[in-house]
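Bear in mind that the values in this text are calculations on the coordinates, not laboratory data. These numbers were taken from a predicted model, which means no experiment stands behind them. Cβ sites come from the backbone with ideal geometry, for glycine too, and all protein chains shown count toward neighbours.
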Amino acid sequence: TALGTRKSHCHRCFFEYETERMIVVKSKVVGSVFRLIQFLILFYVIGYVCVVQKSYQETDSVISSVTTKVKGTGFTNTSDLGARVWDVADYNIPPQGESSFFVLTNMIVTPNQTQSTCPELPNQSTICMSDSDCLEGSNDVRIQTGLCMNYSETVKTCQVLSWCPLEIDINLPEHALLVAAEDFTVLIKNSVTYPKFNFHKRNILPDVNSSYLKQCEFNRKTDPDCPIFRLKDMVSEAEEDFQTMAIRGGVLGIMIDWNCDLDWPEHYCGPKYSFRRLDNKIPENNVAPGYNFRFAKYYKTTDGRETRTLIKAYGIRFDVIVFGTAGKFNMVPTIVNVGAALTFLSLVSSVKWSHLQNTHYL
Amino acid sequence: TALGTRKSHCHRCFFEYETERMIVVKSKVVGSVFRLIQFLILFYVIGYVCVVQKSYQETDSVISSVTTKVKGTGFTNTSDLGARVWDVADYNIPPQGESSFFVLTNMIVTPNQTQSTCPELPNQSTICMSDSDCLEGSNDVRIQTGLCMNYSETVKTCQVLSWCPLEIDINLPEHALLVAAEDFTVLIKNSVTYPKFNFHKRNILPDVNSSYLKQCEFNRKTDPDCPIFRLKDMVSEAEEDFQTMAIRGGVLGIMIDWNCDLDWPEHYCGPKYSFRRLDNKIPENNVAPGYNFRFAKYYKTTDGRETRTLIKAYGIRFDVIVFGTAGKFNMVPTIVNVGAALTFLSLVSSVKWSHLQNTHYL
Amino acid sequence: TALGTRKSHCHRCFFEYETERMIVVKSKVVGSVFRLIQFLILFYVIGYVCVVQKSYQETDSVISSVTTKVKGTGFTNTSDLGARVWDVADYNIPPQGESSFFVLTNMIVTPNQTQSTCPELPNQSTICMSDSDCLEGSNDVRIQTGLCMNYSETVKTCQVLSWCPLEIDINLPEHALLVAAEDFTVLIKNSVTYPKFNFHKRNILPDVNSSYLKQCEFNRKTDPDCPIFRLKDMVSEAEEDFQTMAIRGGVLGIMIDWNCDLDWPEHYCGPKYSFRRLDNKIPENNVAPGYNFRFAKYYKTTDGRETRTLIKAYGIRFDVIVFGTAGKFNMVPTIVNVGAALTFLSLVSSVKWSHLQNTHYL
């Protein structure tokens, strides 16, 4: 019947297969050039794509959580503060950071400030002869009352409403106050996750034990897996001098590299530490060099008035920066990369050489 | 010998090369359609893949470190606190953030709190007639003693054990307290790294000098490279009104876009700033609108009792969000993309047209 | 003319098109194997590349901003502190985190410390018989004066310059102090952006209303969209016991997964919450287990001397970790992936089968 015919036609159609007529070319020159190109493409696929770039892998970015704990005690003896011991509750501000911690190394302390009026620090714009030189109202920095006051016996300056006495921050100590800070140590605990591969790991590796951890100290050569770092060593690795950096403060990056090839056993995936100064120390092209911030401790006098101790804190902020990409074998990028390479492989035979063949050998 | 024959056979085999027999079709219609398709594919490869998507590049995600420094002084005169000057140590809480900073703009202050008992604030569930109306023990918010006390001359409420007197936070000031906050400025220092390309840069560009940095202010048109931002300008760019936002607080994102094409000179890779309000201001679909948090300053009285000043701080939290991807030429993605395009190019000639050829021209 | 001839030649040349001579092979075996391979490749392209891996999409990483607000009141009654109520300003330190918050659950309080001298806590290295056993100067932890002092009636230890009295942190309370912390709740507001797709969303979904938000609580089954979490529930979901974890503290990750397929309506793109303990609780391979940090409240006595209350705070730090990748259809990855698959498809017909054809059918 007609239906049967159509069916059998269709059936035949499905199993029909078109192929091209091949001609075997026998030429040493053409053949060897062709083999060379094929070899180069194969070499590229195996050597570069697979070994160097690992393009057969699917990748995921690291997710990280960091806790830090600083240890150490410092001692200072200044005219302002007298003999004083500094422990972690004093120099680590705020007491817990998320992935960064700050160690105070130098400071300008202005004790017993109260809300009152006092004469401005003398400079070009604040020195006055009479009240008419002082504008009432606020400028960018202070609230002026409009009066001219004796700052010292010889100099008069405009009066301001402020926390008085004012902070004198021009005489930063030439040497860092908390010299001992370089010998403080910090324990960094870092937990990472690659959610796509359901991979979790910590920077405290499974093969180290508690007794080692209690007394070890990071050293690139002898103790590369110890998570306890001496501040001075970290600054040295960043090619900076701790005591110089401590005067005006700075920002030091603790980079933890978790780049991993998860086709290998988990054992091979570990943290690699490196250190780099993150703030700019070139003076020509900078503003507010170093790193400092102001904070205050508030007190109340017996009559209920609020006083505060203002501290301009200079120090080193350590930023723990965790980064990395994990790769694992996956069909899709493999197919894509091998497919692309094979395209070139097949094009070499079909496109480029066809003209040559047509002209000379057929 | 047999070995020699096999060898020469193998030798021949290696240099043998199969190619296809080509037929040159001379047809204006077929030829022009074919050329058009070839042209479209080439156009796609060059125009879209290379110019628009830059698919020939390997990419890396940005790693960033941010420090911020707010500058400015405010003045408030309220019945609670009297005339008071606010400097950065007062309104910037905590004194140093990692990549965000908070500027206090409004507040509810509850001074002289002590651990004691006092009557609850009157509302539907706390008003009582006698002790039997008050359950002893803790509920979600307070610890009740089970007694019923005079809150005022007319109202009785359950007694609670708490920091007393209780905070009355229903009467939020209608205007932001620290009006001057809109003229505060912030210096943002941002250091970025693309680890894969070993590329480091700061948002303070190498071609600006210190004297410019000391007095400049960011302006999208006139000073796009200045890292000092006026708070009001940032809020305006996010299409919000500073004074309105200051009443209940909010979260403002300072987005720094470091998308870079590292095939170009380093000079072209710079930060692009944009600003966006991140919290929800639509009242229908919100809970705890704005942004606020509570903190306390602790004092000790002369007899050793602890008192505190509780502050419910409303203000704007500025989140510095750094993002970006850098791209650089790399063989693998180039091969992959060009290979894929060439596949289409070659398929056009072999697969689609073959039927046409078979039918009409052979 | 010669020019005309060349032109017409070129013209012809442009419309010439080379194609291959096709041979239709009629063999059930060859045809069916061939069709099977074609089918497998098609199946791979459609099933795996498109449906599972979504390789036709361009991707972008999430950018996120988080604010948290803890609610709850606790009550403790210890010999040191007496009856005491704890509210959010007391137990949430620092008062506002960026994307993490800390809830104090246990502590060692050392009140009334002053800068002075006192005998060390007795242990193997600090017990002394006479001054000659004590070295003057600082060791890793303390600054020694070189004197030997009575610690108690029976034991003598070296004298140190420090905040005295020293903290005795060996007797950590066996039960968490702030038992009520497990019933505290936290409101997490999370705002995410996919900058490449200009996509913004919040974890408070547009279809929930304020009245629901005011009283809801997250539950994976009944309230998966409520952004208010009970601390105990989060710890339980991480398969930990809150009261056990509260004794020594720990770090809990609140993972918010924003993986989205933006080819679907925005409605389908929402947060998925999961919880995981991030610190190591295995004692064999650990140092400083749990999570704690020290902070101090500073006071001034009436005669101007500074005293402080040192608090070693144990508690749970909750890290809100936002991650995700959004994908959207894009021409480039589609072309690349389909191209690669087609390469295989065409190679099946040209490379592998050609030998077979040559031998048997030609």
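Can you give the local net charge around A:ARG294? Use residues other than it whose beta-carbon is closer than 10 angstrom to its beta-carbon, Lys and Arg +1, Asp and Glu -1.
With Lys, Arg at +1 and Asp, Glu at -1, the net is -2.
Taking the Cα centre of the range B:93-188 as origin, sum charge times position over the Cβ atoms of Lys and Arg (+1) and Asp and Glu (-1), and report the length of that vector in debye to the nearest 20.
I would put it at about 180 debye.
Can you list residues from other chains, or at least 5 along the same chain, whose modelled amide H is less than 5 Å from the amide H of C:LEU278?
Answer set, sorted by chain and number: C:VAL251, C:LEU252, C:GLY253.
Placing unit charges on C-beta atoms (Lys and Arg positive, Asp and Glu negative, everything else neutral), compute the dipole magnitude of the range C:242-351 about its Cα centre in debye, rounded to 20.
For this selection, approximately 840 debye.
Give me, ordered by chain and number, the residues 5 or more places off C:LYS300 or on other chains with an amide H under 5 Å from its own placed amide H.
Amide H neighbours of C:LYS300: A:LYS300, B:LYS300, C:THR307.
Take the Cα of B:CYS216, step 7 Å along the line toward its Cβ, and report every residue of the range B:223-259 whose backbone nitrogen sits under 15 Å from that point.
Zone members listed by number: B:223-230.
Which distance in nm do the two modelled labels at A:VAL179 and C:LEU42 give, with both placed 7 Å along the Cα-to-Cβ direction?
Computed distance between label sites A:VAL179 and C:LEU42 equals 8.3 nm.
Mind checking which aspartates and glutamates have their Cα closer than 15 Å to the Cα of C:LYS156? Skip sequence neighbours fewer than 8 apart in that chain.
Partners found: C:GLU120, C:ASP131, C:ASP133.
Let me have the relative contact order for the range A:268-345, percent, based on Cα pairs under 8 Å that are six or more residues apart.
Over the range A:268-345, the number comes to 18 percent.
No solvent, one uniform scatterer per C-alpha: report log10 I(q)/I(0) for the range A:97-232 via the Debye equation at q = 0.11, 0.14, 0.18 1/Å, two decimals.
Debye intensities relative to I(0), on a log10 scale: -0.66, -0.78, -1.05.
Any idea how far the Cα center of the range C:56-119 sits from the one of the range A:78-146, in Å?
So the two Cα centres are separated by 28 Å.
Would you work out which of C:ALA83, C:GLN124, C:PRO95 lies farthest towards the positive end of the dipole of the range C:78-133, given +1 charges on the beta-carbon of Lys and Arg and -1 on that of Asp and Glu, about the Cα centre?
My answer, from the dipole projection, is C:ALA83.
The range C:158-205 to the range A:256-333: how many Å between their Cα centroids?
19 Å
Find the percent of Cα-Cα distances in the range C:166-311 that exceed 27 Å, and round it to a whole number.
45 percent
Can you list, shortest first in nanometers, how far B:PRO165 lies from the same residue in the other copies, with each label 7 Å from Cα toward Cβ?
Result for B:PRO165, in nm, nearest copy first: 3.7, 3.8.
Kirkwood Rh, the range C:214-290, all Cα pairs: how many Å?
About 14.5 Å, per the Kirkwood formula over Cα pairs.
Would you mind listing the distances between the B:LEU147 label point and the same position in each other copy? Use 7 Å along Cα-to-C-beta, nm, one decimal, shortest first.
B:LEU147 label point versus its equivalents elsewhere: 4.9, 4.9 nm.
So what J values fall out for the range C:185-202 if you push phi through Karplus, 6.51 cos²θ - 1.76 cosθ + 1.60 with θ = phi - 60°, rounded to Hz, Gly and Pro as x?
Values per residue, Gly and Pro as x: 10, 9, 9, 10, 10, 10, 10, 10, 9, 10, x, 5, 9, 6, 10, 10, 8, 10 Hz.
Suppose the chain between B:LYS28 and B:ASP131 were pulled fully straight at 0.36 nm per residue; how much longer would it get relative to their current alpha carbon spacing?
Separation in residues times 0.36 nm, less the Cα-Cα distance, equals 26.8 nm.
Loop only by DSSP, 16 or fewer other Cβ within 10 Å of the Cβ. Give me the trypsin sites (Lys or Arg not before Pro) in the range C:254-320 that pass, ordered by residue number.
Those that pass, being in a loop and sparsely packed, are C:LYS281, C:ARG305.
Counting only other residues whose beta carbon sits under 14 Å from that of A:PRO227, what net charge do I get with K and R as +1, D and E as -1?
+3
Once phi is turned into ³J(HN,Hα) by the Karplus curve 6.51 cos²θ - 1.76 cosθ + 1.60 with θ = phi - 60°, what whole-Hz value does each residue of the range B:204-209 show in order, with x for glycine and proline?
Calculated HN-Hα couplings, in order: 8, 6, x, 8, 9, 10 Hz.
Cα gyration tensor of the range C:89-141, axes a ≥ b ≥ c as square roots of the eigenvalues: rounded (a/c below 1.5), prolate (a/b > b/c) or oblate?
prolate
Counting Lys and Arg as +1 and Asp and Glu as -1, what is the net charge of the other residues whose Cβ lies under 12 Å from the Cβ of C:CYS269?
Overall, the nearby charge balance is 0.
Rank the residues A:LEU42, C:LEU213 as a footprinting-exposure proxy: fewest other Cβ atoms within 10 Å of their Cβ go first.
A:LEU42, C:LEU213
Using DSSP to call loops (not H, G, I, E or B), can you name the GluC sites (Glu not before Pro) in the range B:198-275 whose Cβ has at most 15 other Cβ atoms within 10 angstrom?
B:GLU217, B:GLU239
Which whole-Hz couplings ³J(HN,Hα) result when phi for each residue of the range B:276-286 is put into the Karplus expression 6.51 cos²θ - 1.76 cosθ + 1.60, θ = phi - 60°, listed in order with x for Gly and Pro?
Once θ is set to phi - 60°, the couplings for the range B:276-286 become 8, 6, 9, 8, 8, 10, 6, x, 5, 10, 8 Hz.
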